[in-house]
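Here is the structure we will look at.
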Amino acid sequence: MWVAGFLFVFLVLFGLSQITKDDEIPAPGGNLSSNEQNTSTEANAFTLIRNNGCVSCHGSDLRGSNLGPSLMEVKQHWTSREELISYLRNPSSFMDKDRFRAYKEKYPSVVMPPFNYLDVKDLGKIADYLRGL
């Protein structure tokens, strides 16, 4: 008897959730509004950042830690999106620059890993997000 009661309550709650669900209305042309796209892109980029371990060195807020520098001023150092993507794909090729020599002294036991296994579109999302901080 209690199984039937549980099933009834489940069906009622499921029905109510379907009735009260807000339908997302796309902007003209079938696309989400630009504000919704930006929010979605930022969430997707931060998910990529988190899922690829960036927060373990750069901090959960990307403001740096004892393992890696802050990423809050990326745009000051990377004026070109393409150059930042190149760096993310192969950080060791940039180690001869003064800024990276200073990072190597400050974080001697940490090596920035290459993200050359990521699709260039995902690297572009990450680069755009970081340059927007």
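The single condition among (1) part of a helix (DSSP H, G or I); (2) surrounded by fewer than 16 Cβ atoms within 10 Å (Cβ to Cβ); (3) touching a residue at least 40 places away in the same chain (Cβ under 8 Å) that Leu67 does not satisfy is (1). Screening the range 116-133 for residues that are touching a Lys or Arg at 6+ places or on another chain (Cβ under 6 Å) and in contact (Cβ under 8 Å) with a residue 40 or more places away in the chain and picking the one that is surrounded by the most Cβ atoms within 10 Å (Cβ to Cβ) gives Ala127. Scan the range 70-106 for residues that are farther than 21 Å from Gly132 by Cα and free of Cβ contacts under 8 Å to residues at least 12 places away in the same chain and the total you get is 11. Is it fair to say Asn51 is modelled with pLDDT under 70, within 18 Å of Asp128 (Cβ to Cβ) and exposed (fewer than 13 other Cβ atoms within 10 Å of the Cβ)? Against the criterion (modelled with pLDDT under 70, within 18 Å of Asp128 (Cβ to Cβ) and exposed (fewer than 13 other Cβ atoms within 10 Å of the Cβ)), Asn51 does not qualify. With respect to the conditions (1) of a type in the set (Asp, Glu); (2) at pLDDT 95 or above; (3) in a helix (DSSP H, G or I); (4) exposed (fewer than 12 other Cβ atoms within 10 Å of the Cβ), Glu105 lacks only one, and its number is (2). Of the residues making up the range 58-95, those that are at pLDDT 95 or above and either acidic (Asp, Glu) or touching an Asp or Glu at 6+ places or on another chain (Cβ under 6 Å) (or both) number 3.
If the condition is being over 16 Å from Leu123 (Cβ atoms) and either part of a helix (DSSP H, G or I) or at pLDDT 70 or above (or both), then the range 26-48 contributes Ser34, Asn35, Glu36, Gln37, Asn38, Thr39, Ser40, Ala43. All conditions but one from (1) modelled with pLDDT of 90 or more; (2) outside any loop (DSSP other than H, G, I, E, B) apply to Arg99; the one that does not is (1). Of the listed requirements (1) assigned to a helix (DSSP H, G or I); (2) within 17 Å of Cys57 (Cβ to Cβ), Glu82 misses just one: (2).
The values are calculated or read from the model by the stated rules, or taken from the named source; none is laboratory data. Predicted, not measured: the structure shown is a model, and the values here were computed from it. Every residue, glycine among them, receives a Cβ derived from its backbone with ideal geometry; neighbour counts consider all protein chains shown.
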